[in-house]
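Below is one structure, written out as structure tokens; comments come after it.
The numbers here are math on the coordinates, done by the rules we state, and not lab data. Keep in mind it's a predicted model, so treat the numbers as computed, not measured. Methodologically, a virtual Cβ is constructed for each residue, glycine included, from the backbone with ideal geometry; neighbour enumeration extends over all protein chains shown.
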Amino acid sequence: MTYCAYIYYPLKERVTADLLRDLLIKDFPKGDIGPLTDQLASFHPLPNFACQFPDTDAETLKAWFKHRHGALSVLLYPESANLAHTLAEHGEWLGRALYLDLEKLN
């Protein structure tokens, strides 16, 4: 199964987010780790970057992020065709949970 994550950061934590991204690239070489996106878009309340982890189980990702996310908010979820439903029903926050305007996905 493929798991995905959004990692949210306030602009003052951009350097921390970039360092976390570098660690993800090193520790999950098969992952698809997107660029930092400082502009708000769609339903996202803060700057973020997105990741996909093929053939990685949720527990492995939770354990990895739990010890490394620091002040950043991480939303983990299984890949799905219905993102709004999946985020609402199966998304799991590590760190501070943020409000997502999922109506923007409809």
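Things to note:
- Set of the range 1-43 residues, backbone N closer than 14 Å to the point 7 Å along the Cα-Cβ line of Arg96: 8-14
- Mean Cβ count within 10 Å, highest first, over the residues of peptides 79-90, 61-72: 61-72, 79-90
- For the range 49-106, the alpha-carbon radius of gyration amounts to 1.15 times the rule-of-thumb value 2.2 N^0.38 Å expected for a compact globular protein.
- Paired Rg and Dmax values of the chain, which use every Cα atom, in angstrom: 12.8, 35
- Nonlocal amide H pairs with Thr2, under 5 Å, H built at 1.01 Å: Asp55, Glu79
- The helix-only estimate of mean residue ellipticity at 222 nm for the chain, built from DSSP H runs of length n ≥ 4 each weighted as -39500 (n - 2.57), is -8500 deg cm²/dmol after division by the residue total.
- Among Ile33, Ile7, Ile25, sorting on how many other beta-carbon atoms sit within 10 Å of each Cβ, with the fewest leading, yields Ile25, Ile33, Ile7.
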